[in-house]
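As structure tokens, the structure follows; a few thoughts come after it.
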Amino acid sequence: MGLIRIRGIPKKGEYQEYFAKSLTIEFATNIFYMIALFAIDNVVFQLPIALHFLVGAAELWTQLSQDEGFTLRFAYYIVKNRVEILITKQKIEIYLFFYSVIGVFLRKTSLFLGVFIFQNILLKTKCNQKMMIAQSNIKDWYRSNLLENSKVPQPLQKLFGIIWIGYEKLITIF
């Protein structure tokens, strides 16, 4: 519904162009992520979609509501911070990828889940500005708190450096 609201209905014969332009819209990439949710029984993996739904519901509530109560103030607060919430949503998706990779070894997640989430992140990294911002924010945090922090032992800094280099190579390989 959000995709149709933003992009409209595709015209006959323009499906490829419509699909290509739709990949830059958050709603389209959420569709791919939601497909994976059918195979996931962990509530944590539903958090990114719930955050996006919260933003959409708040936008709708501010347009429809005549009430000046707490719910409308809360909805305005969410709409005002929309960009930050959606960037946080992207960060959560990146963290869920790391969780799913570690979870394979702890037998909490499957390899399929890790690959699927990685594919979703890869698609968003190529097409979505908010994902690029989230990647940059995480990289800056990672560098300042783990790689260049004198409180972190040198062997761990090297390990974290190898992990991050591997992640960056995965993201830029395609």
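Taken together, the values in this text are just the output of simple stated rules run on the coordinates, not laboratory data. The structure displayed is predicted, hence computed values, not measured ones. Positions of Cβ are backbone-derived with ideal geometry, glycine not excepted, and every protein chain shown enters the neighbour counts.
Here's the yes/no breakdown for (1) surrounded by fewer than 16 Cβ atoms within 10 Å (Cβ to Cβ); (2) in contact (Cβ under 8 Å) with a residue 60 or more places away in the chain:
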{"residue": "F70", "(1), (2)": "yes, no"}
{"residue": "Y76", "(1), (2)": "yes, no"}
{"residue": "E93", "(1), (2)": "no, yes"}
{"residue": "F112", "(1), (2)": "yes, yes"}
{"residue": "F118", "(1), (2)": "no, no"}
{"residue": "D140", "(1), (2)": "yes, no"}
*Please work out if S150 is small (G, A, S), surrounded by fewer than 12 Cβ atoms within 10 Å (Cβ to Cβ) and assigned to a helix (DSSP H, G or I).*
no
